[in-house]
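One structure is given here, and the rest of the page talks about it.
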Amino acid sequence: MYRKLVWFAVIYTFIVVVVGATVRLADAGLGCPDWPGCYGELTPHHARDDIAKAVQEQGGTHGPVSMGKAWKEMFHRYIAGGLGLIILGIAVAAWLRRDEPRRSPVLATSIVGVVVLQAALGMWTVTMLLKPVIVTLHLLGGMATLALLAWLALCQERFPAAGPGAPRLRPWAALVMLVVIMQIALGGWVSTNYAALACIDFPTCHGEWMPAMDFRHGFQLIRELGMTAAGTHLSYDAITAIHWTHRIGALVTALVAGTFAWALLRTPGCSRLGFLLAAVLLLQIAIGIGNVVFSLPLWLAAAHNAGAAILLVVTVVINFALRQQSPA
């Protein structure tokens with residue numbers, strides 16, 4: 001039951017991450033401008049009068065508040081709260097059975113700590129009005145929770161010992177996972193700054209390989225949404241710099257992860273891992289290009305976030321598999 005609960009938590013976390021991204025992409029992050037309730041109520045239905053007043057004040061449902069956006073936001077909070085309870089239950093079970101093989105409570109307890117921090121980031125996302133650095137950290141917190149739960153789930157399985165070529169591949173596996181994490185962070189920075197369509201052509205940007213860009217203001221971390229640290233409006237050149245950097249990051253990720261996938265394919269006993277990494281990597285690249293070509297449809301943008309989560313889990317699986325030792 002413990003094993004099943006951990007695997008259920010992995011799948012559940014993946015759903016929470018994708019739903020959270022969908023809420024963000026649908027501009028519903030401030031559908032309920034307080035936390036943890038919605039205008040102090042448990043559900044948007046109970047806050048319908050306040051929501052109707054806010055819609056009237058903003059001049060229609062095109063603004064950040066509407067009944068539909070409020071429900072999207074609260075649904076994400078509900079399922080995230082359920083995930084927190086599941087992870088707490090896993091930690092309690094791990095402590096109760098800490099003397100059994102593969103039941104060390106250390107990792108499970110650490111995940112509880114990550115979830116507590118993630119809840120705080122979720123609150124600050126709302127109370128600080130979608131400040132880009134907070135929203136990006138919230139995304140990374142969700143990805144970290146997913147990766148740690150995936151590792152915990154893999155610990156419950158009996159993997160065969162890694163082949164003789166595994167030791168030389170382990171440092172490269174760690175590097176690939178680090179590169180993927182950095183690229184996810186760049187993707188989060190693109191999303192939180194509304195820079196996904198800063199370049200509407202591909203592979204060039206505004207018809208140039210090196211368009212006009214403002215990196216200094218684009219990558220200032222401590223600032224309000226759409227503003228520079230000095231309080232002026234963020235320029236289009238700054239938004240372009242954010243988008244262009246994510247494209248370069250995608251190229252680096254493709255080269256590093258693609259080369260590693262080729263190495264896995266050529267290593268006895270690791271070919272399936274190499275094929276899995278290559279397939280997910282190619283799919284994620286195709287989805288990323290599709291977002292630009294088709295002008296960021298919501299379902300495709302959400303799929304890009306899901307692809308990033310799957311790619312991260314694949315790198316976790318590879319790192320875990322390459323570290324398995326024989327019983328001797």
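Answer yes or no: is there a residue in the stretch 265-284 that is closer than 30 Å to Tyr194 by Cβ, in a helix (DSSP H, G or I) and in contact (Cβ under 8 Å) with a residue 60 or more places away in the chain. Talk me through it step by step, then tell me what you get.
If we filter the stretch 265-284 for residues that are closer than 30 Å to Tyr194 by Cβ, which is where we start, we get 280-284.
Now narrow it down to the ones that are in a helix (DSSP H, G or I): 280-284.
From what's left, in contact (Cβ under 8 Å) with a residue 60 or more places away in the chain: none.
There is no residue in the stretch 265-284 that is closer than 30 Å to Tyr194 by Cβ, in a helix (DSSP H, G or I) and in contact (Cβ under 8 Å) with a residue 60 or more places away in the chain.
Among Ala278, Ala250, Ala230, Ala241, which is the only one that is on the phi < 0 side of the Ramachandran plot and under 18 Å from the mean Cα position of the chain (by Cα)?
On the way: Ala278 fails: under 18 Å from the mean Cα position of the chain (by Cα); Ala230 fails: under 18 Å from the mean Cα position of the chain (by Cα); Ala241 fails: under 18 Å from the mean Cα position of the chain (by Cα).
Among Ala278, Ala250, Ala230, Ala241, only Ala250 is on the phi < 0 side of the Ramachandran plot and under 18 Å from the mean Cα position of the chain (by Cα).
Listed residues Leu221, Leu234; which is more than 28 Å from Ala153 (Cβ to Cβ), surrounded by fewer than 18 Cβ atoms within 10 Å (Cβ to Cβ), touching a helix residue (DSSP H, G or I) at 6+ places or on another chain (Cβ under 8 Å) and not charged (D, E, K, R)? Show your work before the answer.
On the way: Leu234 fails: surrounded by fewer than 18 Cβ atoms within 10 Å (Cβ to Cβ).
Only one candidate passes the filter, namely Leu221.
Being hydrophobic (A, V, I, L, M, F, W, C), surrounded by fewer than 18 Cβ atoms within 10 Å (Cβ to Cβ) and in contact with a Gly (Cβ under 9 Å, 6 or more places away or on another chain) narrows it down to one residue among Leu296, Leu277, Leu265; which is it? I'd like the intermediate steps shown before the answer.
Details: Leu296 fails: in contact with a Gly (Cβ under 9 Å, 6 or more places away or on another chain); Leu277 fails: surrounded by fewer than 18 Cβ atoms within 10 Å (Cβ to Cβ).
Among Leu296, Leu277, Leu265, only Leu265 is hydrophobic (A, V, I, L, M, F, W, C), surrounded by fewer than 18 Cβ atoms within 10 Å (Cβ to Cβ) and in contact with a Gly (Cβ under 9 Å, 6 or more places away or on another chain).
For the stretch 1-46, which positions are in contact (Cβ under 8 Å) with a residue 60 or more places away in the chain, farther than 30 Å from Leu154 by Cβ and surrounded by 22 or more Cβ atoms within 10 Å (Cβ to Cβ)?
Hits for the stretch 1-46 are Gly29, Cys32.
So which residues in the stretch 150-171 are more than 23 Å from Ile11 (Cα to Cα) and surrounded by fewer than 18 Cβ atoms within 10 Å (Cβ to Cβ)? Spell out how you get there, then give the answer.
At the first step, the residues of the stretch 150-171 found to be more than 23 Å from Ile11 (Cα to Cα) are 160-171.
Matches in the stretch 150-171: Pro160, Ala161, Gly163, Pro164, Gly165, Pro167, Arg168, Arg170, Pro171.
Can Leu117 be described as of a type outside the set (Lys, Arg), at negative phi and without any contact (Cβ under 8 Å) to a residue 40 or more places away in the chain?
Values: of a type outside the set (Lys, Arg): yes; at negative phi: yes; without any contact (Cβ under 8 Å) to a residue 40 or more places away in the chain: yes.
Spelling it out, Leu117 is indeed of a type outside the set (Lys, Arg), at negative phi and without any contact (Cβ under 8 Å) to a residue 40 or more places away in the chain.
Where residues in the stretch 74-89 are over 15 Å from Ala21 (Cα atoms) and in contact (Cβ under 8 Å) with a residue 60 or more places away in the chain, which of them is surrounded by the most Cβ atoms within 10 Å (Cβ to Cβ)?
Among those that are over 15 Å from Ala21 (Cα atoms) and in contact (Cβ under 8 Å) with a residue 60 or more places away in the chain, it is Ile87.
With the requirement that a residue be within 23 Å of Thr13 (Cα to Cα) and of a type in the set (A, V, I, L, M, F, W, C), what does the stretch 39-78 give you?
Leu42, Ala70, Trp71, Met74, Phe75
Yes or no, residue by residue, for (1) over 15 Å from the mean Cα position of the chain (by Cα); (2) not in a helix (DSSP H, G or I):
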site	(1), (2)
Ala91	yes, no
Val112	yes, no
Trp124	yes, no
His138	no, no
Phe159	yes, yes
Leu169	yes, no
Val176	yes, no
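Assuming Lys69 fulfils every condition listed in (1) among the charged types (D, E, K, R); (2) out of contact with any strand residue (DSSP E or B) (no Cβ under 9 Å at 6 or more places or on another chain); (3) free of Cβ contacts under 8 Å to residues at least 40 places away in the same chain apart from one, which condition is it?
Failed condition: (3).
Looking at Leu129, Leu117, Leu107, which one is aliphatic (A, V, I, L, M) and assigned to a loop (DSSP other than H, G, I, E, B)? Quick ask: steps written out before the conclusion?
Working: Leu117 fails: assigned to a loop (DSSP other than H, G, I, E, B); Leu107 fails: assigned to a loop (DSSP other than H, G, I, E, B).
Within the list Leu129, Leu117, Leu107, the selection yields Leu129.
I'm checking my understanding of the structure. Among residues of the stretch 56-70 that are aliphatic (A, V, I, L, M) and at pLDDT 95 or above, which one is farthest from Val126 (Cα to Cα)? Lay out the reasoning, then the answer.
So the first thing to find is which residues in the stretch 56-70 are aliphatic (A, V, I, L, M), and the list is 65, 67, 70.
Retained after the next criterion (residues that are at pLDDT 95 or above): 67, 70.
Details: Met67: 17, Ala70: 12 Å.
Within the stretch 56-70, the match that is farthest from Val126 (Cα to Cα) is Met67.
The values are calculated or read from the model by the stated rules, or taken from the named source; none is laboratory data. No experiment lies behind these values; they were computed from the predicted model shown. Cβ: placed from backbone, ideal geometry, glycine included. Neighbour counts: every protein chain shown.
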